[in-house]
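Novice: Quick one: the structure is below, and I'll ask about it shortly.
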Amino acid sequence: MSPALPAAPAAQALEERAIRPSEFRAACAEEVERGARFCGGYASAASGALEWTALFAAGAVTTALRTPAVAGEVPSIVGLVGAAGWDEREAHDLYGLGFAGHEPLRPLVEHPAAPADWTVPVIGEDPYDVAVGPIHAGVIESGHFRFHVVGERILLIDPRLFYKHRGLERAAEGADPGEGMAFAARACGACAVANSVAYAGACEAALGLVVDPEARRARTVLLELERLYNHLNDVSAICAGVGFAPGTMAFAALKERAMRLNRELTGHRFLFGTVTLGGSAVEIDGAAAERARAVLRDLAADTALAWRELRFAASVQARLGGVGQLTPEDAIRLGAVGPAARACGLRVDTRTASPALAYPASFEPALPPEPTGDVAARLEMRGLELPVTLELLDSFLGEPLSPAPAGKSVEGTPERTSPQFVSEGVPATGARTRRGVARVESPRGETVCAVELLDGRLARLHLRTASYANWPALAHSATDNLLPDFPLINKSFELCYACVDR
């Protein structure tokens, strides 16, 4: 039987504050000091004037600190929150927003031809550069890595992504919130559910809607189905990274079985089209649910057997320890999330603060016995989370799933309008703007979606995925490692390029 759910759950709470530019950095410092975690920043001109919003997460509460761009510039917080580096660089490239104190403000989305314009300078006679990509031998998205190397040891990596930047966020502007779902879902195939649930949650928060327990359960099932096949794929990829073909093929075959179950339950291997705004379109009758549970039980048994073989393959295990290590301090500084953060011993898992989903209140994230933050620990995280996901799916499929109607407005919910700026010559803005933010635990970690609705239509969509959050941590974890080990380190994070090239 499925766990009992409250009839009218509260969504993740959003606390908005309009901050004067002169007080913005101090306000962000207060959030950090009280233990809040930076979870994204974005520029917007939805209200007619260019603004910058920094998001901080603490439990189920997201605080949005919003400040106007005076003369096209706002204070930088990279000296306070290193994880904001990419967010500020992206806003500069896409919106022309300046960040006082961020020097040098190197391009991220833009691709200048001269390496000196976008790479970190390395001085000395011994270092040399190795350029890899953007075209790779495997069937993967485009990404360029500029390795600064001495001998075979990596001093520094400058990653360059955004080769297929599709402008999905800008394309969504002006769309009806229901129509906007397609833009979030198509940002990435492997994260389609997480992106869709995050988008739906953000819109529902802006509109004051609450979904019923059936939709909450359906979304949770979909998220765990997505986590299942992604984790199986990640283990297969790590095996490929060390040349262990038996493990590569065994876990690839398990992933295929999981994706066939996706298709049987929802009609799509990647679970596209399964999340709707305000409700759920998923329908799984009793017979289908029981068949799915039987498939999952067989999959659990075979996964446990394959995992045991992998753990006792000494030649594999010898290649993993101490490679691509990320310390807890660096993980916090760079804003790592998901299995990459938990492999360092950080108890960061948005499933523990998702009241609009169906995770039990007793849910606790798994942590490796030895959180060494290396490839071995990141592999161990998948092995620990797979049984948890399979158990959750078995529990939630104990009853049929029926399509859920659109959510209802919470009784007494006030019109969500934005706080107004005062003084410093900045006009009041946002009187017709309604904002919403939602955070969802994807297979790679926390994905954040923020929306701004102007007169009921999308004026701004911002999607900050777990891959986006983790790419700087991946690059940092490869420093002081051997160049031939980078493919293994890369596969242990197994981040999406498409999520960044949105």
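The values are calculated or read from the model by the stated rules, or taken from the named source; none is laboratory data. What you are looking at is a predicted structure, and each value in this text was computed from that prediction instead of being measured. Reconstructed Cβ throughout: ideal geometry from the backbone, glycine too, with neighbour counts over all protein chains shown. Protein only, heavy atoms only, side chains kept; ligands, DNA and RNA dropped before computing areas. Shrake-Rupley method; radii C 1.70, N 1.55, O 1.52, S 1.80 Å.
Novice: Looking at the range 63-85, can you tell me whether even one residue there is surrounded by fewer than 20 Cβ atoms within 10 Å (Cβ to Cβ), in a strand (DSSP E or B), out of contact with any helix residue (DSSP H, G or I) (no Cβ under 7 Å at 6 or more places or on another chain) and modelled with pLDDT of 95 or more?
Specialist: Taking every residue of the range 63-85 in turn, at least one turns out to be surrounded by fewer than 20 Cβ atoms within 10 Å (Cβ to Cβ), in a strand (DSSP E or B), out of contact with any helix residue (DSSP H, G or I) (no Cβ under 7 Å at 6 or more places or on another chain) and modelled with pLDDT of 95 or more.
Novice: Also: What are the residues in the range 127-142 that are of a type in the set (D, E, K, R) and within 26 Å of the chain's Cα centre (by Cα), if any?
Specialist: Of the range 127-142, the ones of a type in the set (D, E, K, R) are 129, 141.
Once the filter is applied, which keeps residues that are of a type in the set (D, E, K, R) and within 26 Å of the chain's Cα centre (by Cα), the range 127-142 yields only Glu141.
Novice: Here is a follow-up. Where residues in the range 143-162 are under 19 Å from the mean Cα position of the chain (by Cα) and not aliphatic (A, V, I, L, M), which of them is surrounded by the most Cβ atoms within 10 Å (Cβ to Cβ)?
Specialist: Filtering the range 143-162 for residues under 19 Å from the mean Cα position of the chain (by Cα) gives 143, 159-162.
With the extra rule that they be not aliphatic (A, V, I, L, M), the set shrinks to 143, 159-160, 162.
Working: Gly143: 22, Pro159: 17, Arg160: 20, Phe162: 20.
Filtering first and then ranking leaves Gly143.
Novice: Separate question: List the pairs whose first member sits in the range 121-137 and is under 17 Å from Leu161 (Cα atoms), whose second member is part of a strand (DSSP E or B) and not aliphatic (A, V, I, L, M), and whose Cβ atoms are under 6 Å apart, counting only residues at least 6 apart or on separate chains?
Specialist: Here the result reads Val130/Phe147; Ala131/Arg146; Val132/Phe145; Gly133/His144; Gly133/Phe145; Pro134/His144, each pair linking the range 121-137 to a residue that is part of a strand (DSSP E or B) and not aliphatic (A, V, I, L, M).
Novice: If Arg166 meets every condition in (1) on the phi < 0 side of the Ramachandran plot; (2) open to solvent by less than 40 Å² (accessible area, probe 1.4 Å); (3) within 19 Å of the chain's Cα centre (by Cα) apart from one, which number is that one?
Specialist: Result: Arg166 passes all but (2).
Novice: May I pose another question? Of these, Val235, Val210, which one is within 22 Å of the chain's Cα centre (by Cα), of a type in the set (Val, Ile, Thr) and at negative phi? Give the derivation first.
Specialist: Numbers: Val210 fails: within 22 Å of the chain's Cα centre (by Cα).
Being within 22 Å of the chain's Cα centre (by Cα), of a type in the set (Val, Ile, Thr) and at negative phi holds for just one of Val235, Val210, which is Val235.
Novice: Turning to a different aspect of this structure: Got a number for residues in the range 449-481 being among the β-branched types (Val, Ile, Thr), farther than 12 Å from Cys191 by Cα and surrounded by 24 or more Cβ atoms within 10 Å (Cβ to Cβ)? Quick ask: steps written out before the conclusion?
Specialist: Our first condition is that a residue be among the β-branched types (Val, Ile, Thr); within the range 449-481, this holds for 451, 465, 479.
Remaining after also requiring farther than 12 Å from Cys191 by Cα: 451, 479.
This time we only want the ones that are surrounded by 24 or more Cβ atoms within 10 Å (Cβ to Cβ), so: 451.
Summing the residues that are among the β-branched types (Val, Ile, Thr), farther than 12 Å from Cys191 by Cα and surrounded by 24 or more Cβ atoms within 10 Å (Cβ to Cβ) in the range 449-481 gives 1.
Novice: Another question, then. Could you check, for the range 94-106, whether at least one of its residues is assigned to a helix (DSSP H, G or I) and on the phi < 0 side of the Ramachandran plot? Don't jump to the end; show me each part of the working.
Specialist: Let us first name the residues in the range 94-106 that are assigned to a helix (DSSP H, G or I), namely 94-95.
Now restrict to residues that are on the phi < 0 side of the Ramachandran plot: 94-95.
Yes, that holds for at least one residue.
Novice: When Leu228 is evaluated against the numbered criteria (1) outside any helix (DSSP H, G or I); (2) open to solvent by less than 10 Å² (accessible area, probe 1.4 Å), which criterion, by number, is the only one it fails?
Specialist: Single failed check for Leu228: (1).
A quick yes/no check of all residues on (1) in a helix (DSSP H, G or I); (2) over 23 Å from the mean Cα position of the chain (by Cα); (3) surrounded by fewer than 17 Cβ atoms within 10 Å (Cβ to Cβ); (4) at pLDDT 95 or above:
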{"position": "Met259", "(1), (2), (3), (4)": "yes, no, no, yes"}
{"position": "Phe270", "(1), (2), (3), (4)": "no, no, no, yes"}
{"position": "Arg291", "(1), (2), (3), (4)": "yes, yes, yes, yes"}
{"position": "Ala300", "(1), (2), (3), (4)": "yes, yes, no, yes"}
{"position": "Thr303", "(1), (2), (3), (4)": "yes, yes, no, yes"}
{"position": "Trp307", "(1), (2), (3), (4)": "yes, yes, no, yes"}
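Novice: For the range 309-343, what are the residues that are among the acidic types (Asp, Glu) and either outside any helix (DSSP H, G or I) or touching a residue at least 60 places away in the same chain (Cβ under 8 Å) (or both)? Give the derivation first.
Specialist: As a first pass, look at the range 309-343 and keep what is among the acidic types (Asp, Glu): 309, 329-330.
The answer is Glu309, Asp330.
Novice: I would also like to ask the following. For the range 444-458, which positions are closer than 24 Å to Gly48 by Cα and of a type in the set (Lys, Arg)?
Specialist: Residue satisfying the conditions is Arg457 alone.
Novice: Would you confirm, using the coordinates I've provided, whether Gly96 is within 21 Å of Ala116 (Cα to Cα) and open to solvent by 10 Å² or more (accessible area, probe 1.4 Å)?
Specialist: Details: within 21 Å of Ala116 (Cα to Cα): yes; open to solvent by 10 Å² or more (accessible area, probe 1.4 Å): yes.
Answer is yes for this residue.
Novice: So, in the range 63-111, how many residues would count as being touching a Gly at 6+ places or on another chain (Cβ under 9 Å) and β-branched (Val, Ile, Thr)?
Specialist: Qualifying residue count for the region: 5.
Novice: Ok, one more. May I ask you to list the residues in the range 332-346 that are under 17 Å from Glu33 (Cα atoms) and small (Gly, Ala, Ser)? Show your work before the answer.
Specialist: Applying the first criterion (under 17 Å from Glu33 (Cα atoms)) to the range 332-346 yields 332-335.
Scanning the range 332-346 gives a single hit, Gly335.
Listed here are the residues, each with its yes/no results for (1) more than 25 Å from Leu397 (Cα to Cα); (2) among the hydroxyl-bearing types (Ser, Thr, Tyr).
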{"residue": "Val210", "(1), (2)": "no, no"}
{"residue": "Glu214", "(1), (2)": "no, no"}
{"residue": "Thr220", "(1), (2)": "no, yes"}
{"residue": "Arg227", "(1), (2)": "no, no"}
{"residue": "Val242", "(1), (2)": "yes, no"}
{"residue": "Thr248", "(1), (2)": "yes, yes"}
